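Let me begin by presenting the structure, written as structure tokens, before commenting on it.
The values are calculated or read from the model by the stated rules, or taken from the named source; none is laboratory data. Since we're looking at a predicted model, the values are computed, not measured. Backbone-built Cβ (ideal geometry, glycine too); neighbour counts: all protein chains shown.
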Amino acid sequence: MEAPHHQHPAPAPQAPHGDDRAPETPAHGGTRQEVTVTVPTAEGMRALGVRLAGLLRAGDLVMLTGELGAGKTTLTRGLGEGLGVRGAVTSPTFVIARVHPSLTDGPPLVHVDAYRLGGGLEEMEDLDLDVSLPESVVVVEWGEGKVEELTEDRLRVLISRTIGAEAGAAEDARAAAGDEAGAAEDVRTVTLVGVGERWAGEDLASSV
Ligand SMILES: Nc1ncnc2c1ncn2[C@@H]1O[C@H](COP(=O)(O)OP(=O)(O)OP(=O)(O)O)[C@@H](O)[C@H]1O
Ligand SMILES: [Mg+2]
């Protein structure tokens, strides 16, 4: 059995609909879609990143939301792998942003950890990244309220630790997949929200 895909909104804690966790209602009328998937292991999170990378192109902004240790960097590692960029994606301790050039002729991956980015976008522009953001895929951890001005379109990725009945279902999925390495506390719920025209025509569900 494969991990269940929920087309309907997730339960309240994860639901990005209409609450103040998702203030940016699209300006252009309902061009917003979302899909939720259960990710039982860290390896599954990396693999999800690889698949999502197939959707990404220059100019895209991906915003990762989730508590400390949720798996944002793990997902980004998969994005980097899928995009075919140079250098290991890590959690930067002393740098706010790191540029990973493409190993082919694709866009570079700009990985931003905005946790300590107090001033938001202006500060980011001061980073002297040596690449043009519209020609890059920009992935931001902890970017809420800081980098939205970059573009109206964005792919939001909300990662949460699964609780209650969902954890049980995910555990079943993990066991059915023969994965003995994981544990119930490893299970994550990932909700993808495509905001804006850019994402209106993309089939997010087919990539999760
Ligand atoms: N299902 C899962 N998905 C992602 N990571 C998982 C999962 N299960 C366990 N893990 C582990 O949880 C940790 C996630 O760390 P990661 O650095 O990716 O989180 P983060 O959200 O980037 O944290 P931070 O907010 O500190 O940047 C890793 O050690 C990873 O192996
Ligand atoms: Mg991180």
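Could you check the stretch 32-73 and list, in sequence order, the residues that are of a type in the set (Val, Ile, Thr) and under 12 Å from His111 (Cβ atoms)?
Answer for the stretch 32-73, where residues must be of a type in the set (Val, Ile, Thr) and under 12 Å from His111 (Cβ atoms): Val62, Thr73.
Out of all the residues in the stretch 4-22, is one or more surrounded by fewer than 16 Cβ atoms within 10 Å (Cβ to Cβ), within 16 Å of ligand 1 (Cβ to nearest atom), assigned to a loop (DSSP other than H, G, I, E, B) and at pLDDT below 65?
There is at least one residue in the stretch 4-22 that is surrounded by fewer than 16 Cβ atoms within 10 Å (Cβ to Cβ), within 16 Å of ligand 1 (Cβ to nearest atom), assigned to a loop (DSSP other than H, G, I, E, B) and at pLDDT below 65.
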